[in-house]
Amino acid sequence: QVQLVESGGGVVQAGGSLKLSCVASQLTFTNYGLGWFRQAAGKEREFIAAISGTTYYEDSVKGRFTISRDNAKNTVYLQMNSLKPEDTAVYYCAVQRPGPSMEARAPGLYDYWGQGTQVTVSS
């Protein structure tokens with residue numbers, strides 16, 4: 001059974017940085033695109049960033065967040081800089097469903113999800 005475990009969340013002041021990690025198991029890691037999503041209280045889950053053959057981002061995090069992967073460690077990362085209070089949310093990593101080459105921004109295009117890690121940005 002595929003498992004994804006996120007870590008690295010916490011409480012940080014506005015303008016600070018955090019680096020999230022997500023380790024995957026029971027998965028041939030290199031075969032899949034990976035994504036990060038977040039869900040703030042009372043809101044729908046939203047796309048943040050993804051990495052497959054390329055990387056792409058949601059506009060509000062472009063230039064502040066960087067997604068990367070280490071296939072040898074079965075790990076995907078999300079480096080978050082210049083954090084803002086509106087970045088406060090539970091952050092999830094996810095594995096894309098194999099399919100045509102396209103930007104996978106919808107949660108429905110992902111088959112496996114981690115349990116989430118809380119990020120809180122104080123003003």
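The values are calculated or read from the model by the stated rules, or taken from the named source; none is laboratory data. What you see is a predicted model; the values in this text were computed from it and never measured. Backbone-built Cβ (ideal geometry, glycine too); neighbour counts: all protein chains shown. Note: accessible area is taken over every heavy atom of the protein model, side chains too, but ligands, DNA and RNA are not part of it. Shrake-Rupley method; radii C 1.70, N 1.55, O 1.52, S 1.80 Å.
For the stretch 87-104, the candidate set comprises residues that are outside any strand (DSSP E or B) and at pLDDT 95 or above; within that set, the residue that is least open to solvent (accessible area, probe 1.4 Å) is Asp87.
In the condition set (1) buried (at least 17 other Cβ atoms within 10 Å of the Cβ); (2) among the charged types (D, E, K, R); (3) under 19 Å from Val121 (Cα atoms), Arg69 is compliant with all but (3).
Within the stretch 4-14, being under 17 Å from Gln79 (Cα atoms) and outside any loop (DSSP other than H, G, I, E, B) holds for Val5, Glu6, Ser7, Gly10, Val11, Val12, Gln13.
Among the residues making up the stretch 1-31, those that are under 16 Å from Arg97 (Cα atoms) and open to solvent by 60 Å² or more (accessible area, probe 1.4 Å) are Gln1, Gln3, Gln26, Thr28, Thr30, Asn31.
Looking only at residues in the stretch 113-123 that are open to solvent by less than 50 Å² (accessible area, probe 1.4 Å) and hydrophobic (A, V, I, L, M, F, W, C), the one that is nearest to Ala49 (Cα to Cα) is Val119. Being in contact with a helix residue (DSSP H, G or I) (Cβ under 9 Å, 6 or more places away or on another chain), within 18 Å of Leu4 (Cβ to Cβ), open to solvent by less than 40 Å² (accessible area, probe 1.4 Å) and modelled with pLDDT of 95 or more is a property that holds for Gly35. Look at the stretch 15-38: where a residue is without any contact (Cβ under 8 Å) to a residue 24 or more places away in the chain and part of a strand (DSSP E or B), no partner that is open to solvent by 30 Å² or more (accessible area, probe 1.4 Å) and aliphatic (A, V, I, L, M) sits 6+ places away or on another chain with Cβ atoms under 8 Å. Taking the conditions exactly as written (within 18 Å of Ala24 (Cα to Cα), open to solvent by less than 50 Å² (accessible area, probe 1.4 Å) and over 11 Å from the mean Cα position of the chain (by Cα)), does Tyr110 satisfy them or not? In short, yes. Taking the stated definitions as given, is Gly63 part of a loop (DSSP other than H, G, I, E, B) and in contact with a helix residue (DSSP H, G or I) (Cβ under 9 Å, 6 or more places away or on another chain)? Criteria not met by Gly63.
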